[in-house]
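Chemist: Here you go, one structure.
The values are calculated or read from the model by the stated rules, or taken from the named source; none is laboratory data. Computed from a predicted model, the values in this text were never measured in an experiment. As a convention, Cβ positions derive from the backbone with ideal geometry for all residues, glycine included, and neighbour counts pool all protein chains shown. With ligands, DNA and RNA removed, areas are computed over all heavy atoms of the protein, side chains included. Shrake-Rupley method; radii C 1.70, N 1.55, O 1.52, S 1.80 Å.
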Amino acid sequence: MKPNEIMRIFEDTAYVRMGGTEEELKTARYLQQKVAALGLSAEIESFPVDMADMEEDGLWVDGESITCKGYRNAGSGTVEAPLYYLRARDKWSLSNCRGKIVLVDGYMGYWLYQDLLENGAVGFITYDGNVNYTDFDIDQRELRSFVHKGNKIPGVNINAKTAVALVKKGFQTARIHLKQHEYTGESRNVVLDMPGEKPEYIVFSAHYDSTSLSQGAYDNMSGSVGLLGIAEYFTTHPHKYGLRFIWCGSEERGLLGSKAYCAAHEEDLKNVVLNINLDMIGCIMGKFIYCCTTEEKLCHYIEYFAAEQGMEIEGSQGVYSSDSTPFADHGVPALSFARASSPNTATIHNSYDTIALMSGEQMAQDIAFLNAFSDRMANAAMCPVDREIPENMKEKLDSRKKEQKKMESLSQTSKDYHKNV
């Protein structure tokens, strides 16, 4: 793909496209049309997702109205209670949550939520943003079903500057009010098959949805464009292995698209020899990285191959927080590529993730490397990657939730850059 073609796609998709929304469907159809322009045919596969329309949300602290956004899928109702700032998650600090609305640092993940429930919290407040930014943006968050498991307490999200001001001023009580319509909606995967000489497949994946504030150029229309570039390459180059391309929906909501695909195509996965996942490539700054949920030998192969191609690269064995993980969970060797930038030059999950972060020339260079690597895998006499995921990677997959517990108290500003590199 040429740089100007790449940048045109970023321009065409410069809007928010959260999983399950009409904007996500619009993008799925756009990708389908881009595939058709290559002389190929892609199908849209829908899957159910929890949705909610917020009708009323509010937060009052000591009688003062505070700008917020209510957590979707966190139920409806009003709760008023003493407000408590949970600075740490030791037993003594958690014991002070009983009967209180709790202000927490970071994201509302599974383990933090369970801690709040176990210690009797009646509501929660999270925050995002940066105290050094001029904006007062607030992310629209949801209480995911695997987090609440049917046991919901109301929550709201506020801006970081507001949280600092509240703590600095001091507070006594808070009131949260939510009224929302919760229902089951649809998200979508876009799936392209390019059969080969062999019955086995290599699966390429990338998500195309964004978070509520973000146009998601870097995270992850870049990876979606990368898949289009690889598909275009193989329209004029032979491939022994079958190739399957999956543009995943609702990744930002908990890898829902790749999880849904793996659940619906469990039998097909027996014929998949490798998953190659793209999540954030082609930004102006940063280094090219890989993460292999495979045997360690693949790491050495990638580094040798990159040197042969004149491509800088760093990486290791590990579990990448992206659509590669559900494939690995189902026993498919999985590999993710990204161009990881410092959060000071390419931040994500906020309104600053726009086309301004991207370089058409860098995208073209990254895609050229991915084409060369994919060609080697697709035309191998036998895929050299061991089909069996090694024990150390199985242990990492099993312990991923425990590792996430340690990470939940930290604000993540650049996905996997700090965890895996």
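Chemist: Between 133, 92, 31, whose Cα lies farthest towards the positive end of the dipole of segment 1-157 when Lys and Arg beta carbons carry +1 and Asp and Glu beta carbons carry -1, centred on the Cα centre?
Modeler: Final value for the positive-end residue is 92.
Chemist: Now a separate question. Among 89, 98, what's the order by accessible area (1.4 angstrom probe), most exposed first?
Modeler: Reading off the accessible areas and sorting them downward yields 98, 89.
Chemist: To continue, here is another question. Rounded to the nearest 10 Å², what accessible area does residue 398 show when all protein chains are kept and the probe is 1.4 Å?
Modeler: It works out to around 130 Å².
Chemist: Show the residues, 5+ positions off or on another chain, whose built amide H is closer than 5 Å to the amide H of residue 103.
Modeler: Amide H neighbours of residue 103: 84, 85, 86, 125.
Chemist: Please name whichever of 348, 305, 67 sits farthest to the positive end of the charge dipole of the chain, dipole taken about the Cα centre and charges placed at Cβ: Lys and Arg +1, Asp and Glu -1.
Modeler: The residue sitting most towards the positive pole is 67.
Chemist: Would you calculate a helix-derived [θ] at 222 nm for the chain, using -39,500 (n - 2.57) for each DSSP H run of n ≥ 4 and dividing by the full residue count, to the nearest 500?
Modeler: Estimated from H runs of four or more residues: -9000 deg cm²/dmol.
Chemist: Give me the count of lysine pairs in segment 1-125 whose alpha carbons sit under 27 angstrom apart, restricted to pairs 8 or more positions apart or on different chains.
Modeler: 6
Chemist: Got a sec? What order do 12, 128 fall in by accessible area at 1.4 Å, biggest, i.e. largest, first?
Modeler: Result, largest first: 12, 128.
Chemist: Of the beta bridges DSSP finds with both residues in segment 142-271, what % are antiparallel, to the nearest 5?
Modeler: Close to 40 percent.
Chemist: Over the chain, what is the relative contact order in percent, taking alpha-carbon pairs closer than 8 angstrom and at least six residues apart?
Modeler: 20 percent
Chemist: If the only charges are +1 at each Lys and Arg Cβ and -1 at each Asp and Glu Cβ, what is the size of the charge dipole of segment 175-294 around the Cα centre, to the nearest 20 debye?
Modeler: 280 debye
Chemist: I'd like the accessible area for residue 320: 1.4 Å probe, protein heavy atoms, all chains in place, Å² to the nearest 10.
Modeler: That residue has around 10 Å² of solvent-accessible surface.
Chemist: Further question: Among DSSP beta bridges whose residues both lie in the chain, state the antiparallel percentage, nearest 5.
Modeler: 55 percent
Chemist: Could you work out how far apart the two model spin labels at residue 151 and residue 92 are, taking each label as a point 7 Å from the Cα in the direction of the beta carbon, and quote it in nm?
Modeler: Each label point is offset 7 Å from its Cα along the Cβ direction, giving 2.6 nm.
Chemist: Can you tell me, using C-alpha contacts under 8 Å and at least 6 residues apart, the relative contact order of segment 1-119 as a whole percent?
Modeler: Across segment 1-119, relative contact order equals 12 percent.
Chemist: Tell me, what is the per residue accessible area of the chain in Å², probe radius 1.4 Å?
Modeler: 42 Å²
Chemist: Let me check against my output: what whole-number percent is the relative contact order of segment 251-317, with C-alpha pairs under 8 Å and at least 6 apart?
Modeler: 29 percent
Chemist: Kyte-Doolittle mean at least 1.0 and Cα extent at least 27 Å along the axis: which DSSP H helices of the chain qualify?
Modeler: Answer set is empty.
Chemist: Something else now. Carbon and sulfur together cover what percent of the accessible area of segment 192-350 at a 1.4 Å probe radius?
Modeler: Roughly 50 percent of what the probe reaches on segment 192-350 is carbon or sulfur.
Chemist: Please list 187, 359 from largest to smallest accessible area, probe radius 1.4 Å, with all protein chains kept in place.
Modeler: Accessible-area ranking of 187, 359, largest first: 359, 187.
Chemist: Taking all protein chains as present, what is the carbon and sulfur share of the accessible area of segment 20-179, in % to the nearest whole number, probe 1.4 Å?
Modeler: 49 percent
Chemist: While we're on this one: Between residue 264 and residue 200, what is the label-to-label distance in nm when each label sits 7 Å out along the Cα-to-Cβ direction?
Modeler: 2.6 nm
Chemist: Then there is this: Could you size up the charge dipole of the chain around its Cα centre, putting +1 on the beta carbon of Lys and Arg and -1 on that of Asp and Glu, and report it in debye to the nearest 20?
Modeler: 1040 debye
Chemist: Rank by packing, highest mean first: peptides 300-307, 64-71, with packing defined as the count of other Cβ atoms within 10 Å averaged across residues.
Modeler: Result, highest mean Cβ count within 10 Å first: 64-71, 300-307.
Chemist: I'd like the Kirkwood hydrodynamic radius of segment 323-406, using the inverse of the mean 1/r over distinct C-alpha pairs, in Å.
Modeler: Here the Kirkwood hydrodynamic radius works out to 16.1 Å.
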